[in-house]
Amino acid sequence: MTIDKKEKYIAELKSTFLSYSQISRESLFLIESIVQFQMLKKEEILLREGQTARNLHFICKGAVRAYFSDDDGNTYNKNIFLERNIAGSTVSLLLNKPSHFALQALEDCVIINLNFKKYKGLINQHNDIKNFYIAYLEKNWVIEKEQREISLVMENATVRYLKLLQQHPNIDKRISLLHIASHLGITPTQLSRIRKELNKNNK
């Protein structure tokens, strides 16, 4: 990866942090000092089920799914992360225990890994970094998690699919319908019917 590309992705990381909370230049430099780049090929595993997580993963380019498996080997998508999102097993990181789910690249990916142990050290020493951490957790791992759980129960599959397209335009052109259906909690056949009905109504 070229230096220009790395600088571009680091700038996007900083911009994402600043979109949640004010962070000093000194603190941004400290955050930059604990990151490492990682390249993933499509379908490559970033975190395995049963592996203890060590990093948070900022997605510079590509898409990652969080999924878990049942005893029969069937997989279920817990979430899908696209650019400028942070993926990771927070329970595994906070409790230092094996992750109950895996992270897998759905496309070729460029990832920035943040060493969580060092990151927690920065949080304890710098209030501006702590404020970002709280703001990010509240929006992405509390509010959005609850909204998704409510949506799965209260909204029909068509509404959930349309909301996904609104939130992530062109996701249906990037990621297989199998993974999108799993993310929505429906079967691929159901999703195919929904898409046909929507296409018919748009003609």
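Things worth noting here:
- Condition check for Asn55: of a type in the set (S, T, N, Q), surrounded by 12 or more Cβ atoms within 10 Å (Cβ to Cβ) and in contact (Cβ under 8 Å) with a residue 60 or more places away in the chain: yes
- Search result, residues across the stretch 178-187 that are over 18 Å from Ala105 (Cβ atoms) and either surrounded by 14 or more Cβ atoms within 10 Å (Cβ to Cβ) or in contact with a His (Cβ under 6 Å, 6 or more places away or on another chain) (or both): Ala181, Leu184, Gly185, Ile186
- Residues in the stretch 93-122 that are among the polar types (S, T, N, Q), closer than 27 Å to Arg174 by Cβ and more than 14 Å from the chain's Cα centre (by Cα): Ser99 only.
- Screening the stretch 69-92 for residues that are crowded, with 17+ Cβ neighbours inside 10 Å and either of a type in the set (Gly, Ala, Ser) or under 18 Å from Ile34 (Cα atoms) (or both) and picking the one that is farthest from the chain's Cα centre (by Cα) gives Ser92.
- The strands (runs of 3 or more DSSP E) falling completely within the stretch 5-80 that include 2 or more residues that are of a type in the set (S, T, N, Q) map to 35-40.
- Across the stretch 41-80, the number of residues qualifying as out of contact with any Leu (no Cβ under 6 Å at 6 or more places or on another chain) and among the hydrophobic types (A, V, I, L, M, F, W, C) comes to 5.
- Whichever residue in the stretch 146-203 is out of contact with any Ser or Thr (no Cβ under 8 Å at 6 or more places or on another chain) and of a type in the set (Lys, Arg) and, among such residues, is farthest from Arg65 (Cα to Cα): Lys203
- Test: residue in the stretch 12-29 that is among the charged types (D, E, K, R), in contact with a strand residue (DSSP E or B) (Cβ under 6 Å, 6 or more places away or on another chain), surrounded by 14 or more Cβ atoms within 10 Å (Cβ to Cβ) and within 22 Å of Ile171 (Cα to Cα): no
Rule-based calculations on the coordinates, nothing more; no lab input. All figures in this text were calculated on a predicted structure; none of them were measured in a lab. In this analysis, Cβ positions are derived from the backbone assuming ideal geometry, glycine residues included, and neighbour counts consider all displayed protein chains.
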